[in-house]
Amino acid sequence: MGSILPAYGIIKNLINSFFLSPEYENYSGLSLTLNMSFFRSVSALLLTLIVFLSSCTNTSKKEKTIPEKSIEKKSNYVKPTATFQDTLFIDIPAAVFYHADSLQLQAIKAKTDEGVFNATMHEYFYQMRNARIVLKKEWPAIKIIEAKNIRYLYFKKKNQEVAIIDLNTKGDPYGLFLFDSNKDPQFTDMMNIDTQLYFYFKK
């Protein structure tokens, strides 16, 4: 509204200058009614213009962008430490699926949007199920091991070398390690399980 007032003052001054100017006095013989009618018409037009501009200004000020509700995604949390401190020993070719314990899952759920948490758990479930199906069908000699209520994975190779993995260092609540007793264990992308199995065990 503040930007409209100067315009109003300018137009008002122009009208006053016309009616108060010497040139206006030369028309004094004209009808007073005609002059007043003209003045009213200009005033009405000016008032309409001011009201219109004022409404446009107010509308533009009221329009605000409403920010989307922020959703805490999986990458925004740090996986809580394991409740259990047990160690799982593996010394044979295996596919080791590890699972977060119940208290870890409760802590993750408390810090994550419910919809995101449910969708993430659903995705892990189907990825792991698909990986098991591929292993049983294409790689039956590879033992499937479920690591539950475990913190450490202790892998021992044929040459007696040892690799110890602390699952607290893994951000995902679920995951898969492949192990060939001749190689170091490898964390595996379950989305590409077919390719990962081939390149790990064949090469």
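Here are a few things to note about the model shown:
- Qualifying residue in the stretch 104-122 (condition: part of a loop (DSSP other than H, G, I, E, B), polar (S, T, N, Q) and either touching a residue at least 12 places away in the same chain (Cβ under 8 Å) or outside the structural domain of Y198 (by TED's automatic domain parsing) (or both)): yes
- Boolean, K143 is of a type in the set (K, R), at pLDDT 95 or above and either over 27 Å from Y198 (Cα atoms) or surrounded by 13 or more Cβ atoms within 10 Å (Cβ to Cβ) (or both): yes
- Members of the stretch 80-101 that are acidic (D, E) and either under 13 Å from I150 (Cβ atoms) or touching an Asp or Glu at 6+ places or on another chain (Cβ under 6 Å) (or both): D86, D101
- Among the candidates K157, K202, residue that is surrounded by 11 or more Cβ atoms within 10 Å (Cβ to Cβ) and out of contact with any Gly (no Cβ under 8 Å at 6 or more places or on another chain): K157
- Per this entry, I164 is not counted among residues that are more than 26 Å from K79 (Cα to Cα), surrounded by fewer than 15 Cβ atoms within 10 Å (Cβ to Cβ), β-branched (V, I, T) and assigned by TED's automatic domain parsing to the domain that holds K79.
- Subset of the stretch 146-203 (residues that are farther than 27 Å from L103 by Cβ, assigned to a loop (DSSP other than H, G, I, E, B) and in contact (Cβ under 8 Å) with a residue 24 or more places away in the chain): K157, K158, D180, S181, N182, K183, D184
The values are calculated or read from the model by the stated rules, or taken from the named source; none is laboratory data. Values in this document were obtained by computation on a predicted structure and should not be read as measured data. Don't worry about glycine lacking a Cβ; one is built from the backbone with ideal geometry, like all the others, and counts go over all protein chains shown.
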